[in-house]
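Step one of this worksheet: look at the structure below.
Derivation of every value follows stated rules applied to the coordinates shown; laboratory data play no part. Remember, predicted model here, so these are calculated numbers, not experimental data. Reconstructed Cβ throughout: ideal geometry from the backbone, glycine too, with neighbour counts over all protein chains shown.
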Amino acid sequence: MAHRIGVLLSGRGSNFEALAESISAGRIPGAEIVLVLSNREGAPGIERAHARDIEARVIPSKGLEREAYDRLVVAALREKGVELVCLAGYMRMISSYFVEQFRGRILNIHPSLLPAFPGLEAQRQALDHGVKFSGCTVHFVDEQLDAGPILLQAVVPVQDGDTPETLAARILVEEHRIYTEAVRIVLEGRFRLQGRRVLLTPSPANPRGRGN
Ligand code: GRF
């Protein structure tokens, strides 16, 4: 049976699209995105899912307590038999209830080299701080914001003329690349946790352990 992925998003959905494209192109063998969920009506990511014939639902979060909302989300993911949850521009903190239900099976992508610049507007934070390199991080999700064990990172140079938008665009290219790689590693079980460290382990097809 295919590895069933659920994607949670709130906006544009380019990371979702990159994952969907990677799956279609055979870069994440045996995976299928079975559900895209948005907490926001009109999120462009929902349209992108429809265009790919992937089931997409909006569960509006307005007015609901965090855990009450997450119970609806978890129920929808379970109903579709989701095994791995990918947060892709999902603009909500998730509750400990949600984390507990999918412990070790929730990934997030963040547009900075964590633990630097967690939270909103990470690219602007990087520019304001004056770093010369930023990048992106795929990490496991735990109860804290942008804080779980780090699976993969990619480094992106900051240029003198950068605005938050130009830096974000340069980082986004790397986001799309490493999210695919991270999902593949997780689905193939090619890692082990040692405290906070995620150590990549060899696969039979790739005995040296790194890369695709
Ligand atoms: C990305 O920069 C991602 O790292 C962050 O939110 C943005 C979502 O972009 N968490 P998209 O909706 O995937 O295009």
Compactness of the stretch 108-212, expressed as Rg and Dmax over alpha-carbon positions, Å: 14.6, 45
For THR180, THR137, ascending order of other Cβ atoms within 10 Å (fewest first) is THR180, THR137
How large is the convex hull of the C-alpha atoms of the chain per residue, in Å³? 127 Å³
Please report the antiparallel percentage of DSSP beta bridges with both residues in the chain, rounded to the nearest 5. 50 percent
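So what's the net charge close to GLU121: Lys and Arg +1, Asp and Glu -1, counting the other residues with Cβ under 13 Å from its Cβ?
-2
Let me know the charge dipole size of the stretch 108-212 about its Cα centre in debye, to the nearest 20, where only the beta-carbon of Lys, Arg (+1) and Asp, Glu (-1) is charged.
Details: 11 positive and 12 negative charges, 135 e Å.
I would put it at about 640 debye.
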Given the rule -39500 (n - 2.57) for each run of at least 4 DSSP H residues, summed and divided by the residues of the chain, what is its mean residue ellipticity at 222 nm, to the nearest 500 deg cm²/dmol? -10500 deg cm²/dmol
Exposure proxy check on TYR69, TYR90: fewest-to-most Cβ neighbours within 10 Å is TYR69, TYR90
Rg/Rh over Cα atoms for the stretch 1-103, Kirkwood Rh, comes to 0.95
